[in-house]
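Below: the structure, in structure tokens.
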Amino acid sequence: MAQDSTLSSLPAVWSLQDCLDYAMKNNIQLNSLRLSRLSSEQDLLLSKAARLPNLTGSASQNLNGSKSITPTGNRPYELAFSGNYSVNSGVTIYQGGFLNYDIKQKGLLLQVTGLNIAQEINNITIQLTQAYLNILLIRENIVYVKDVVTTSEAQVKQAQQQYDVGSIALVNLVSLQSQLAADRYNLVTAENQERINKLVLKQLLQLPSSYDFNIYSPDTLVSSHYVAPLRDVQDTALATRPEVKSAELGINVSELDLAKAHAGYKPTLTAGGALGSSYLRDPGNNFFKQLDNNFYQQIGLTLSVPIYTRRANKTAVEKSKIEIDQSKLTLRDTRTNLSQTVEQAYISVINAQGQYDASVEQLRFASESYRIASEQLRVGVANIVTFLQQKNLYIQAFQAYIQAKYNTALTIRIYDFYRGIPVKL
């Protein structure tokens, strides 16, 4: 019932922003990272609390049985009640800076979890944008293929009439019928591909399979755009992307591990205190009198100096140094991969825009050639082989145009995303 209530509040037709907003709130992986961040917050609170004194109370109540010798030599069996009660407290005064280092480290790890969330948001944004545009691509292709089928049906109808009166040969009619069958097959294939693409987007959104999902088609789609210089985008990405900041914090976390390891060589000073009392059932003293007589107070300092730890401290220090070097390599690898990814995005934009410009020109000429061939077919002066060749060239040109159009739109948005521009259609 809860799921049905959630689904009823969803939009009837989804825009790209609807998809992004829904994923930011409901994505399982993203919410899992948010829970990890809450766990890190608790780790930080626990680390801060380690500087405070603790307080424990204990109480024990015992029943003892024994035999005792009397002046007459008898050994009667006796039961005796006893109890002990205490309150203890301790606080770490000095531990070589370990507690302060640990608090700083937990604070950095909390920042890392926040950056992990930001990185996952970026990944989800790109995946949803690509899936959304794939649906728009195939949807526009369906509109085009439907038009082709309609035209082919009209051509076959006209050819049938011409054949009935003996104007054209049977082979020409059959060729057009074969082309119509191929066009209908392409339409069915395109419609099936739209279902698959919608399923991919629905799975990314983690919606139930039974949900009737549909998306909004914008009136226009920008496929030509200013392309920022590669170096500027790389510098922006390296300065702002969460994966780079996370890798940089990873070095700081490792350095604090080294500082904590060095603290193991230093002495630890703790203070402690206790209050307590006890009693043993005695006919000569009542309960409260014994508690008063046995009441004790204790306060003291304990200094612990590591002398020989069987290489535990040295190993911790050396492993921390190795971890620092590993963190530096991770940062270097992250920066290199990001720079290469941005460069690949830049190349993709340049190539896509070049292909788009070429496809526009190709489609213009192919459309004109197909129009002329169609007119010749209508008046009965066209060679059927030449007509079908022109039609196939037109189909290929239009499909190349649609592919280039949406590929350009996608690559532009991905490239701009690396320089901090939100994805919009």
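Descriptive notes on the structure:
- Residues satisfying the stated conditions in the stretch 176-199, i.e. crowded, with 17+ Cβ neighbours inside 10 Å and farther than 19 Å from Val143 by Cα: Leu176
- Residues in the stretch 389-425 that are part of a helix (DSSP H, G or I) and over 24 Å from Glu140 (Cβ atoms) were compared, and the one that is modelled with the lowest pLDDT is Gln389.
- Among residues of the stretch 169-187 that are modelled with pLDDT of 90 or more, none has a beta-carbon under 6 Å from a residue that is open to solvent by 60 Å² or more (accessible area, probe 1.4 Å) and not basic (Lys, Arg) at least six positions away or on a different chain.
- Here is the figure for the stretch 378-425: residues that are in contact with a Leu (Cβ under 8 Å, 6 or more places away or on another chain), surrounded by 22 or more Cβ atoms within 10 Å (Cβ to Cβ) and of a type in the set (Val, Ile, Thr) total 0.
- Filter result (hydroxyl-bearing (Ser, Thr, Tyr) and either in a helix (DSSP H, G or I) or closer than 19 Å to Ile414 by Cα (or both)) within the stretch 87-126: Tyr101, Thr113, Thr125
- Any hit, the stretch 371-384, residues being within 43 Å of the chain's Cα centre (by Cα) and touching a residue at least 24 places away in the same chain (Cβ under 8 Å): no
- Checked against the criteria, Ser82 does not count as at pLDDT 95 or above, more than 30 Å from Thr408 (Cβ to Cβ) and either in contact with a Phe, Trp or Tyr (Cβ under 9 Å, 6 or more places away or on another chain) or not in a helix (DSSP H, G or I) (or both).
- Residue within the stretch 304-326 that is part of a strand (DSSP E or B) and either touching a Cys at 6+ places or on another chain (Cβ under 6 Å) or surrounded by fewer than 12 Cβ atoms within 10 Å (Cβ to Cβ) (or both) present: yes
- Test: residue in the stretch 140-149 that is farther than 30 Å from Asn351 by Cα and either in contact (Cβ under 8 Å) with a residue 60 or more places away in the chain or open to solvent by less than 50 Å² (accessible area, probe 1.4 Å) (or both): yes
- Restricting Leu133, Leu170 to residues that are closer than 21 Å to Thr341 by Cβ and either of a type outside the set (Lys, Arg) or touching an Asp or Glu at 6+ places or on another chain (Cβ under 6 Å) (or both) narrows the list to Leu133.
- From Asp232, Asp219, residue being in contact (Cβ under 8 Å) with a residue 12 or more places away in the chain, closer than 30 Å to Asn351 by Cβ and acidic (Asp, Glu): Asp232
The values are calculated or read from the model by the stated rules, or taken from the named source; none is laboratory data. The shown structure was predicted, so the numbers you read here are calculated from the model rather than taken from an experiment. Heads up, the Cβs are rebuilt from the backbone with ideal geometry, glycines too, and the neighbour counts pull from every protein chain shown. The accessibility values were calculated without ligands, DNA or RNA, using every heavy atom of the protein model including side chains. Shrake-Rupley method; radii C 1.70, N 1.55, O 1.52, S 1.80 Å.
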